[in-house]
Structure formats: structure tokens, C-alpha cells
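First comes the structure, then the notes that go with it.
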Amino acid sequence: MRSTANTTTGEAAAGPGTGAGIALILTSLICWTTIPLFLRHFRELIDPWSANGWRYGFSALMWLPVLLLATRRGTVPRQMWKAAIVPSLFNTGAQVCFGIAPYYVEPGLMTFSLRLQIIFVTVGAALMFPSERAIIRKPGFIAGIAMVALGTLLTIWLRPGGLGAGTALGVWLSIGAGLLYAGYALSVRSSMHGMNPLLAFSTVSQYTAALMLLLMFIFARDIRTGAHDLGWSVVYLSGGQLAMLLTSAIIGIGIGHTAYFKSIQALGLAVAAGVVQLQPITVSMLAPFLFPKDEHLSAGQWATGLIAVAGAATMLVTQHLAAKQRRVAPIDEFDELPVDPDVALVAQSNETVSQPEPAARS
């Protein structure tokens, strides 16, 4: 299987152009903006275990043909299923937190709280990968971390009316999702580096879906009666609502992730990852129109939230410039992206493009 870190000039030229790359990254941003809003909508209709189980079950069916075709062609590495176990466990835990959080906190504050993920990834990368430590000592990178931490914490603290018990739980779940997604990203990089990203995506999706369905069977309840229902409360949804639930899986777990992969080919990692940092802003802009009765970000929260987003962008730009100055290409994010589309940030390595490829090739 080919490592994308070793993509040749000719292969890179065959990727999408700048115009297509811009369209793709905006598509990804739009797709990922909708996910917290979809989940917020469904909290009035079904419990989070059912929402997660049905969404991931459907996504697994979508991506199963990719694995079946690759298996038929003999291009699935023998170690892929084993390598995907740990990332899938992190992904499942993260998605549980991510799926439950909108039931307790408004989408805007939820997505701003998730910005702490980049700090968790940075700390983990520094501990696990020596090549990361030089960039983490850069003043610009340290300033970016401080901006993310301060901006996020102030955004939470400035919530109008303070944090009640329910909202505090939602914030902690959002932060927990960020922590687990960071573990997910790091484990993908550690155990699945060099594997075809779509196959890795498909493999982790199968494991995650199986675990989500198991959790749904154990914990799902009918929100109208509180009775244990194995996730079958979806039968009470209208045809339109059920279509919306499945569409959210297509948009978030299918289109958004694929568009992000492709946009990196055209725009590079720093630009693509920088654009998706706008997700908390786009979510917070749309939420008041869709859910006018919810609490929404105050002017002070907008100011501090923008500081957090600017800090994340500062970290990415510092990392990108440092790599260029050393004339060392960061590993293509195809090898490192979390396979879950709801989250877009991962640590990147400063290894050279001349590193050996894995023995198996696609």
C-alpha cells in the first residue's frame, strides 16, 4: 500500500486544482457545520444512543463496499483490522461524548469547547513523537496554545446566566470528546500510518458502528416513555425525519470526510485545517436561526471564541512555516487524519518525504 508521504510530483499534479480545492474544503466545512445542528435537532425526538447507533450503522453500510472491493483485489493489508482496534475504541468513546453533549449544551458552546482538542493532540504528540517537540517550543506555537486555552475557557465562563448542572455536563462531555478524539488521532498515526486512508476510514467505521449498535441495544430508551427500546424508537419518526437522520450520516461521515481528504491535495494541510477551524463560528451563526429558544453566544463569548479560533490557526501556520524553513515536508495528513469526520484536527509529523514506504502497495 502506498504511503501518501511519498506521493510523486506527477501524482500530486493529478490531484484537484486550487479552485476545486477551495470548493472541496468549503464543502467539508459546510458538512461538519451541520453535524452539531443535526444532533441538536434530534434531541427532541430520539435519545443519543439511538442517534449514534443508527447514524454509524448506516455509515458502515455505506463504506462496506470499499472494503469488499479492496478485499477482492487483495489490497487490504493483513494487519489493518488489528491496527484499527485501538483507534476504533478511542473513536467510539469520543463519538459517545460528542453525541450526548448536544442534549445538554447549545451547539455553539459545544463546538468552541471542542477547540481544546488541538492542545490535547499537541501534548500527546510531544510525548509520543520526538519529531514534534521542536515545533512545540516555537514562540508562535506556544502563543497559539495559550490563545486556544484562554479563549475557550473564557467562552465557557462568560455564558449568560452561568453554567447550570446540565450545561456543565454538556461542556465536560464536549471537552471529553476533544480529549478522546485527540487519542484517536494519535493512535491512527501510531498504528495505521502509511495505510490507504479510505480503507482505514472504512475499517474503523465498521468497528465503530458495531460498538455503537451494541451500546444502542444496551442503553437506548424511548424519550417519550423512558422505556428501554433497543433503539427502535426511530420507527415513530416521520419519513422526513428518518431521512434527515440518515442524511446526517451521509453528509458528516461520508461527504465531509472525503472532501477534506481531496482538499488537502489541492490546498495543503495548513490551509485546509485552518479553514475547518471556522466550524464553531459557522455553527454559532446558524444555531440562533434554527433554535431560537436556546441560549446563544453573547458578544463577550463571540470575542473570546474568536481568540480560541485564531489561536488554533496560529498553531497551524507556525507549524507549516517551520516545516518550510527546514525544507522538510510534513507527512501528508492522509496518513494521520482521524477517520471520523466530525473532527478534523490531528498532529502532523516532520518526517522527510524520503522515508521508506510500507511493503504492501495499492
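What to note about this one:
- Annotation note: Cβ proximity below 9 Å between a residue of region 214-225 that is touching a residue at least 40 places away in the same chain (Cβ under 8 Å) and basic (K, R) and a residue that is outside any loop (DSSP other than H, G, I, E, B) and surrounded by fewer than 15 Cβ atoms within 10 Å (Cβ to Cβ) (sequence gap 6+ or interchain) occurs for R221/H228.
- Hits in region 208-231 - residues which are among the charged types (D, E, K, R) and either surrounded by fewer than 15 Cβ atoms within 10 Å (Cβ to Cβ) or closer than 14 Å to F58 by Cα (or both): R224
- In region 120-132 there is no residue matching the filter, namely being surrounded by fewer than 16 Cβ atoms within 10 Å (Cβ to Cβ), at pLDDT below 85 and within 29 Å of L213 (Cβ to Cβ).
- From the list W81, W54, the lone residue that is aromatic (F, W, Y), part of a helix (DSSP H, G or I) and crowded, with 24+ Cβ neighbours inside 10 Å is W54.
- Tallying residues that are more than 23 Å from the chain's Cα centre (by Cα), within 17 Å of L153 (Cα to Cα) and assigned to a helix (DSSP H, G or I) within region 275-300 yields 2.
- Single condition P160 does not satisfy, out of (1) surrounded by fewer than 20 Cβ atoms within 10 Å (Cβ to Cβ); (2) in a helix (DSSP H, G or I): (2)
- Within region 265-274, the residues that satisfy the criterion of being assigned to a helix (DSSP H, G or I) and of a type in the set (G, A, S) are A266, A270, A272, A273, G274.
- With respect to the stated conditions, M1 is more than 23 Å from the chain's Cα centre (by Cα), surrounded by 16 or more Cβ atoms within 10 Å (Cβ to Cβ) and either modelled with pLDDT under 90 or on the phi < 0 side of the Ramachandran plot (or both).
- Of all residues in region 241-263, those that are among the β-branched types (V, I, T) and more than 16 Å from the chain's Cα centre (by Cα) total 1.
- Boolean, H320 is over 14 Å from the mean Cα position of the chain (by Cα), crowded, with 18+ Cβ neighbours inside 10 Å and modelled with pLDDT under 85: yes
- Residue check, T167 buried (at least 20 other Cβ atoms within 10 Å of the Cβ), touching a residue at least 60 places away in the same chain (Cβ under 8 Å) and at negative phi: no
- The C-beta contact set for region 88-101 (first residue over 18 Å from A168 (Cα atoms), second residue surrounded by fewer than 24 Cβ atoms within 10 Å (Cβ to Cβ) and aromatic (F, W, Y), distance under 9 angstrom, 6+ apart or interchain) comprises S88/Y207; L89/Y207; N91/Y207; T92/Y207.
- Meets criteria (within 19 Å of the chain's Cα centre (by Cα) and among the small types (G, A, S)) for G124: yes
- Considering residues of region 198-240 that are among the hydroxyl-bearing types (S, T, Y) and more than 24 Å from P65 (Cβ to Cβ) only, the residue nearest to the chain's Cα centre (by Cα): S233
The values are calculated or read from the model by the stated rules, or taken from the named source; none is laboratory data. Owing to the predicted nature of the structure, the values given are computational and were not obtained by experimental measurement. Cβ: placed from backbone, ideal geometry, glycine included. Neighbour counts: every protein chain shown.
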